[in-house]
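The values are calculated or read from the model by the stated rules, or taken from the named source; none is laboratory data. Every value quoted in this text rests on a predicted model; they were computed, and no experiment measured them. Cβ sites come from the backbone with ideal geometry, for glycine too, and all protein chains shown count toward neighbours. Calculation scope for accessible area: heavy atoms of the full protein, side chains included, ligands and nucleic acids excluded. Shrake-Rupley method; radii C 1.70, N 1.55, O 1.52, S 1.80 Å.
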Amino acid sequence: MKILTGNDLKTGAVTWWTGSDWSLHVDDAVDVGDEADEILAREQGARRVNAAYAIDAIRDANGVRPGHIKERIRALGPTVRPDLTLKPADPAAGNWVI
Amino acid sequence: MYRYDSYDQTMVDARVAEFRDQTRRRIDGKLTEDQFKPLRLQNGLYLQLHAYMLRVAVPYGTLSSAQMHALADIADKYDRGYGHFTTRQNIQYNWIKLEDAPDILADLAKVEMHAIQTSGNCIRNISSDQFAGAAADEVVDPRPYAELLRQWSSFHPEFLALPRKFKIAVIASETDRAAMRLHDIGVKIVRNAAGELGAAFYVGGGMGRTPMIGPLIREFVPLDQLITYSEACLRVYNRYGRRDNKYKARIKILVHELGADEYKRQVEEEFAHLLTLGIEPPLAELERIKTFFVDPPFEKSASDDLDRSDPDFALWVDRNCTPHKQPGYIAATISLKAVGGIPGDASAAQMHLMAELTERYSFDECRVTHAQNIVLPHVRKADLYALWQQLDEAGLATPNLDLIGDIIACPGLDYCSLANARSIPVAQKISQRFAETGKGDMLGELKLKISGCINACGHHHAGHIGILGVDKKGTENYQLLLGGSEGADTSLGKITGPGFDEDGIVAAVETAADVYLAQRQDGERFLDTYRRIGMEPFKEALYG
Ligand code: SF4
């Protein structure tokens with residue numbers, strides 16, 4: 001699947017395109033099929049997200065998993081500071097990145 | 001230390017106001033990201049993996065306690081309670097909100113700090129020896145010259161759009177503690193046979209994709225021509241440095257392609273021309289700057305005695321303290337490399353504590369080192385035990401300066417959008433492994449440096465052991481380099497062979513260390529043994 005990601009304009013937080021808005025959680029990301037360019041052009045004007053782009057991902061039993069490790073680290077947070085990730089209570093969260 | 005005059009303060013305050021307006025216009029949609037990006041970068045604000053990242057300049061690594069407190073307050077108020085000290089002696093914050101950035105810059109300006117020229121193709125923060133003003137082996141304190149260069153390079157209209165970024169280091173000791181020859185310009189303050197002070201210029205060093213050791217371009221530039229000669233070096237680069245290819249745009253490529261002799265000839269020609277224009281600031285300005293760097297009021301009769309009866313303290317003294325030019329004093333390095341910790345990271349609480357100790361024990365001055373540690377440069381030996389106890393309580397007394405646990409590591413793929421691989425987990429695993437096996441103590445001086453990509457912010461080329469993260473078909477892979485050094489005997493590390501995965505690189509470092517332990521002769525450091533026996537025995541053990 002193709003999903004869209006960028007950083008929130010004001011906070012810089014990593015966000016994912018949900019079909020109507022931008023979410024902090026990669027599991028909310030939707031497959032944009034071949035509409036990526038169109039949505040990105042529209043969203044650039046909406047000033048919610050910065051420097052957005054399309055990436056490859058898969059959806060499996062655990063949710064949406066970006067194809068590249070860099071995007072998985074963006075989705076989770078720094079693997080060396082589990083306390084600062086989106087899943088601070090899950091000690092194994094970092095394993096999802098690998 | 002240097003204090004802003006009204007010009008400095010006015011310039012910095014004006015820049016804060018300007019950036020506040022630019023940020024407002026970006027948030028209001030009056031500026032596109034393409035328009036805004038160069039403006040935010042000129043104020044040190046990057047967009048990294050998880051958020052905006054702010055890089056704050058620490059001129060030649062020197063901080064007062066008020067400044068360190070302010071850095072801690074920023075970490076608490078606007079970030080997530082910590083900061084990262086970098087190999088450029090700066091500090092970076094990883095979780096900055098765009099809407100907060102102008103307020104942060106305003107807070108910095110109140111303590112005479114800023115983030116100007118910490119990004120972009122301009123002259124960056126000037127770096128220096130962390131023991132400047134304290135080192136027993138320096139001919140003079142290099143910081144007044146670094147400060148003069150800082151003033152010259154700040155907002156220099158001709159050098160704000162160079163072909164590429166430009167880094168200058170200034171030292172004044174035979175022992176190079178600032179990786180001077182791996183800078184675009186390395187300035188070494190020297191004394192000639194007549195006893196006069198001048199500057200030796202090494203130009204065209206650098207790390208990154210094409211590492212080069214800067215050749216000596218001129219042995220002696222009189223100090224009243226320091227700025228003029230620097231200007232000549234920059235002008236030749238600005239005129240002929242390549243702008244068509246970012247990978248060939250650094251001055252090292254120009255010097256290499258022209259040859260050091262031809263580059264020098266062109267610089268001398270430009271220098272002769274510039275001398276006719278009288279651009280050198282009056283010596284009175286240098287004298288004014290020097291007044292900020294006079295020795296603190298050392299206690300003349302301070303004792304050299306140290307009670308070493310506490311073995312942990314004695315070990316820390318032996319490992320982390322450096323002789324001082326003033327009897328009765330010592331320079332103490334606070335290791336930001338706790339076993340298994342994140343190299344260079346400090347929490348706000350640790351920064352506040354370091355600020356308090358700076359005020360109490362080091363004449364209100366501390367230094368950030370390019371090895372991502374903090375130095376209290378002027379500690380009375382009589383106060384050293386009390387200082388150590390407070391550091392120890394806060395987890396800041398790891399006795400590992402220049403040992404394998406004192407790893408330089410860039411933020412890598414955990415934070416950096418340019419990274420190929422993570423640096424920090426590798427550093428953590430290596431430091432843990434060598435602490436657990438006790439081998440770290442047996443190895444003696446061994447400088448290990450890790451970069452998450454070829455940009456080499458982690459100085460991997462200059463590590464006795466270097467590690468470079470690469471992307472191997474979407475997975476992290478690590479190349480091992482041996483034999484780099486950054487000191488007076490600067491050399492570039494060589495790649496051992498095929499790379500390793502994360503666990504594999506940790507094991508490979510241990511294998512290399514074992515080869516050294518088996519082969520070392522009396523008094524040899526890892527680097528000495530490597531230089532004597534060469535790469536083959538290491539290759540054999542790693543891949544044989
Ligand atoms: S070396 Fe590469 S990964 Fe590391 S901080 Fe520099 S640019 Fe980022």
**Asked** Any idea which of B:530, B:516 is surrounded by 16 or more Cβ atoms within 10 Å (Cβ to Cβ), under 17 Å from residue B:403 (Cα atoms) and out of contact with any strand residue (DSSP E or B) (no Cβ under 8 Å at 6 or more places or on another chain)?
**Response** B:516
**Message:** Scan the stretch B:248-269 and tell me whether some residue there is out of contact with any Leu (no Cβ under 9 Å at 6 or more places or on another chain) and among the aromatic types (Phe, Trp, Tyr).
**Reply:** no
**Prompt:** Filter the stretch A:1-46 for residues that are within 18 Å of residue B:36 (Cα to Cα) and in contact (Cβ under 8 Å) with a residue 24 or more places away in the chain; which is most open to solvent (accessible area, probe 1.4 Å)?
**Reply:** A:8
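Does residue B:458 satisfy being open to solvent by less than 10 Å² (accessible area, probe 1.4 Å), within 15 Å of residue B:207 (Cα to Cα) and within 12 Å of the ligand (Cβ to nearest atom)?
yes
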**Request:** Please verify whether the stretch B:479-490 includes one or more residues that are out of contact with any strand residue (DSSP E or B) (no Cβ under 8 Å at 6 or more places or on another chain) and either among the polar types (S, T, N, Q) or more than 19 Å from residue B:176 (Cα to Cα) (or both).
**Result:** yes
**Fill in**
Listed by first then second residue, the pairs whose first member lies in the stretch B:470-491 and is within 16 Å of residue B:178 (Cβ to Cβ), whose partner is assigned to a strand (DSSP E or B) and open to solvent by 10 Å² or more (accessible area, probe 1.4 Å), with beta carbons under 8 Å and at least 6 positions apart or on separate chains, are B:484/B:491; B:485/B:491
**Prompt:** Somewhere in the stretch B:99-117, is a residue closer than 20 Å to residue B:26 by Cβ and polar (S, T, N, Q)?
**Reply:** no
**Request:** Go through the residues of the stretch B:150-160 one by one and say whether even a single one is surrounded by fewer than 22 Cβ atoms within 10 Å (Cβ to Cβ) and touching an Asp or Glu at 6+ places or on another chain (Cβ under 6 Å).
**Result:** no
**Prompt:** Is the stretch B:352-371 home to any residue that is within 14 Å of chain A (Cβ to nearest Cβ), within 16 Å of the ligand (Cβ to nearest atom) and of a type in the set (Gly, Ala, Ser)?
**Reply:** no
**Message:** With the requirement that a residue be open to solvent by less than 40 Å² (accessible area, probe 1.4 Å) and among the β-branched types (Val, Ile, Thr), what does the stretch B:276-325 give you?
**Reply:** B:289, B:317, B:322
**Every residue from the stretch B:327-364 that is in a loop (DSSP other than H, G, I, E, B) and under 30 Å from residue B:439 (Cα atoms)** = B:335, B:336, B:337, B:338, B:339, B:340, B:341, B:342, B:343, B:344
**Prompt:** Of all the residues that make up the stretch B:383-412, how many are open to solvent by less than 20 Å² (accessible area, probe 1.4 Å), within 8 Å of the ligand (Cβ to nearest atom) and in a loop (DSSP other than H, G, I, E, B)?
**Reply:** 1
**Prompt:** From B:524, B:445, B:510, which residue is open to solvent by 20 Å² or more (accessible area, probe 1.4 Å), out of contact with any strand residue (DSSP E or B) (no Cβ under 7 Å at 6 or more places or on another chain) and without any contact (Cβ under 8 Å) to a residue 12 or more places away in the chain?
**Reply:** B:524
**Request:** Determine whether residue B:61 is within 14 Å of another protein chain (Cβ to nearest Cβ), under 22 Å from residue B:458 (Cβ atoms) and modelled with pLDDT of 95 or more.
**Result:** no
**Request:** Identify all residues within the stretch B:92-105 that are out of contact with any Leu (no Cβ under 6 Å at 6 or more places or on another chain) and either in the same structural domain as residue B:347 (by TED's automatic domain parsing) or not in a helix (DSSP H, G or I) (or both); write none if there are none.
**Result:** B:92, B:94, B:95, B:97
**Item:** the stretch A:55-71 - residue that is touching a helix residue (DSSP H, G or I) at 6+ places or on another chain (Cβ under 6 Å) and farther than 25 Å from residue B:45 by Cβ and, of those, farthest from the other protein chains (Cβ to nearest Cβ)
**Value:** A:63
**Prompt:** Would you call residue B:130 closer than 18 Å to residue B:374 by Cα, open to solvent by 10 Å² or more (accessible area, probe 1.4 Å) and within 14 Å of chain A (Cβ to nearest Cβ)?
**Reply:** no
**Prompt:** Based on what the data block shows, is residue B:474 open to solvent by less than 20 Å² (accessible area, probe 1.4 Å), on the phi > 0 side of the Ramachandran plot and of a type in the set (Gly, Ala, Ser)?
**Reply:** no
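Which fully enclosed helices (runs of 4 or more DSSP H) of the stretch B:413-526 have 2 or more residues being in contact with a Ser or Thr (Cβ under 9 Å, 6 or more places away or on another chain) and within 14 Å of another protein chain (Cβ to nearest Cβ)?
So the answer is B:424-437.
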**Message:** Pairs needed: first member in the stretch A:73-98, touching a residue at least 60 places away in the same chain (Cβ under 8 Å); second member anywhere, of a type in the set (Gly, Ala, Ser) and surrounded by 13 or more Cβ atoms within 10 Å (Cβ to Cβ); C-beta distance under 9 Å; at least 6 residues apart or different chains.
**Reply:** A:74/B:417; A:75/A:29; A:86/A:75; A:86/A:77; A:86/A:93
